[in-house]
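Asks: First the structure, which I've put down as structure tokens, then a few questions once you've had a look.
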């Protein structure tokens, strides 16, 4: 095992120190910012790597295009939706409809309210046997009433915040898609420049 590791390390060192003519030509064409290589050397190197470079650009762009999302899964507040990036009006309407349709459950049906209601009922049931349970029942029902009032008074702001968050997210998606579309044509321009060089 030790001998194999030594040989492997020696092979990697040899590979790292060896000169790759293709890499050298690419370094002359792409990475020579100090103009160490003569212009005719750069042209020669580019003519020999042009086909490979065009193929690399095509492969890279195909990978970007394959990874470009066709749909976006959205989750804002308790609402979820799937957007294609071009349906912001429909998504905002869907969220508004969701808030209108589920107003009762969003405002009033939550774990704290359910726990307060159950606690109040249990305490009220035992209040006939222990007077302290009456205080517990009043506290639970008071907490439930305060929670309901607070949810009712803050619901319009919650809807507004949810719609603003969704609109901001959809604007970002739209901006990203516009940036992608604007820069996608640069691939063709780059390939044309490569061919003309």
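Asks: Which residues, counting only those in segment 97-156, are under 27 Å from residue 79 (Cβ atoms) and outside any helix (DSSP H, G or I)?
Replies: Within segment 97-156, 102, 109, 110 qualify.
Asks: OK, next. Which residue, of 138, 134, is surrounded by 14 or more Cβ atoms within 10 Å (Cβ to Cβ) and at pLDDT 90 or above?
Replies: 138
Asks: Could you tell me whether any residue of segment 119-139 is in contact (Cβ under 8 Å) with a residue 24 or more places away in the chain and under 36 Å from the mean Cα position of the chain (by Cα)?
Replies: No, that holds for no residue.
Asks: Give, as residue ranges, the helices (runs of 4 or more DSSP H) completely inside segment 1-91 that count at least 1 residues that are over 30 Å from residue 178 (Cβ atoms) and modelled with pLDDT of 85 or more.
Replies: Fully inside segment 1-91 and qualifying: 2-17.
The values are calculated or read from the model by the stated rules, or taken from the named source; none is laboratory data. Since this is a predicted model, take the numbers as computed values, not measurements. All Cβ positions, even for glycine, are placed from backbone atoms using ideal geometry, and neighbour counts span all protein chains on display.
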